[in-house]
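Below: the structure, in structure tokens.
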Amino acid sequence: MNHWLAIGGMMLLTVLIRASFLVFGQRLAFPDWLNRALHYVPAAVLSALVVPMALAPAGTVDISLHNAYLPGIIVAALVAWKSGKTLLAIVVSFVVYGVWRWGLGL
């Protein structure tokens, strides 16, 4: 298959999906169960992106003291769970990551 055709098809599909929310606007109503489920999408996507990188930063699983990502994401998860503040969790996890790397001299 021609790669330009595939790229054009993906672009068209993306534009149509995004435009549907603009065209239909407030007339587009989701059921309550779907609204509740969509509430968890950002956290699920972020977890799907961050966890594999933190568990295998060099391409292989590394669960050791030399992997500074692990304490960072564990602390971030705990802070986000206890406080409910995403920005606070991000800042604290960066501090933990930096201190861990500096402390171990990585």
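The values are calculated or read from the model by the stated rules, or taken from the named source; none is laboratory data. Everything numeric here is computed off the predicted structure, so don't read it as measured data. Using ideal geometry, Cβ is built from the backbone for each residue, glycine included, and neighbour counts are taken over all protein chains shown. Just the protein is used for accessible areas: all its heavy atoms, side chains included, with ligands, DNA and RNA removed. Shrake-Rupley method; radii C 1.70, N 1.55, O 1.52, S 1.80 Å.
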Test: residue in the stretch 4-16 that is modelled with pLDDT under 90, part of a helix (DSSP H, G or I) and of a type outside the set (D, E, K, R): no
Residue selected from the stretch 43-64 under the condition closer than 19 Å to F94 by Cβ and open to solvent by 80 Å² or more (accessible area, probe 1.4 Å), by the criterion nearest to the chain's Cα centre (by Cα): L46
Criterion violated by W33 - all others in (1) more than 16 Å from the chain's Cα centre (by Cα); (2) at pLDDT 85 or above; (3) surrounded by 10 or more Cβ atoms within 10 Å (Cβ to Cβ) satisfied: (3)
L78 outside the structural domain of W102 (by TED's automatic domain parsing), at pLDDT 90 or above and assigned to a helix (DSSP H, G or I): no
Answer residue from the stretch 1-30, given it is exposed (fewer than 10 other Cβ atoms within 10 Å of the Cβ) and polar (S, T, N, Q) and is nearest to the chain's Cα centre (by Cα) among those: Q26
Positions within the stretch 66-106 being surrounded by 12 or more Cβ atoms within 10 Å (Cβ to Cβ) and among the aromatic types (F, W, Y), in sequence order: Y69, F94, Y97, W100
